[in-house]
Amino acid sequence: MTRLALNFSRSNKSYERRLRLSLLCALSRVGLATASAILALSFPEGYAVTDSWVWFKLFGKGKSSFSLQDYEHYLGCLRPLAEALGRPVQEVEYARWEWARRERGEKR
């Protein structure tokens, strides 16, 4: 299942994302957050780790669970930032996460 999710490719990237996430989420004990982390590590240019603090920085409200539609919305906000900066989507997501962490006063 994992091999299929990581090797699956389609010209329709939204369809490709939904299918990859769905395949990974079909595995035992894998939710959207874990699936997004696997894909962000494998394909940093097109995926980001789903994170409630990044969601808060993007949308101004908290969220603790995410649907596939939420993930598409999340990426839809991160992708233009990544394109404008010429950086991978995952790197922009990480920068937002780091910003939120510092604002919370957390130490590394």
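For segment 4-43, which positions are surrounded by 15 or more Cβ atoms within 10 Å (Cβ to Cβ) and of a type in the set (Lys, Arg)?
Once the filter is applied, which keeps residues that are surrounded by 15 or more Cβ atoms within 10 Å (Cβ to Cβ) and of a type in the set (Lys, Arg), segment 4-43 yields Arg17, Arg18, Arg20.
For Lys61, work out the one condition from (1) closer than 19 Å to Pro44 by Cβ; (2) surrounded by fewer than 16 Cβ atoms within 10 Å (Cβ to Cβ) it doesn't fulfil.
Here Lys61 clears every test but (1).
Please pick out the residue among Val49, Val92 that is in a loop (DSSP other than H, G, I, E, B) and buried (at least 16 other Cβ atoms within 10 Å of the Cβ).
Val49
Looking at segment 14-45, which of its residues are touching a helix residue (DSSP H, G or I) at 6+ places or on another chain (Cβ under 6 Å) and either assigned to a loop (DSSP other than H, G, I, E, B) or aromatic (Phe, Trp, Tyr) (or both)?
Result: Val30, Pro44.
Could you list, ordered by first residue, the pairs with Cβ atoms under 6 Å in which the first is in segment 53-64 and outside any helix (DSSP H, G or I) and the second is modelled with pLDDT of 90 or more, at least 6 apart or interchain?
Filtered contacts from segment 53-64: Gly62/Phe56; Lys63/Ser52; Lys63/Trp55; Ser64/Ser52.
Return the only residue of Val54, Val89, Val49 being more than 20 Å from Tyr15 (Cβ to Cβ), among the β-branched types (Val, Ile, Thr) and in contact with a Lys or Arg (Cβ under 9 Å, 6 or more places away or on another chain).
Details: Val89 fails: more than 20 Å from Tyr15 (Cβ to Cβ); Val49 fails: in contact with a Lys or Arg (Cβ under 9 Å, 6 or more places away or on another chain).
Just a single option satisfies the conditions, and that option is Val54.
Would a scan of segment 65-85 turn up a residue that is assigned to a helix (DSSP H, G or I), surrounded by 14 or more Cβ atoms within 10 Å (Cβ to Cβ) and among the aromatic types (Phe, Trp, Tyr)?
Scanning segment 65-85 turns up at least one residue that is assigned to a helix (DSSP H, G or I), surrounded by 14 or more Cβ atoms within 10 Å (Cβ to Cβ) and among the aromatic types (Phe, Trp, Tyr).
The values are calculated or read from the model by the stated rules, or taken from the named source; none is laboratory data. Please read these numbers as outputs of a predicted model, since none were measured by experiment. Ideal geometry is used to build each Cβ from the backbone, glycine not excepted, and the neighbour counts take in all protein chains shown.
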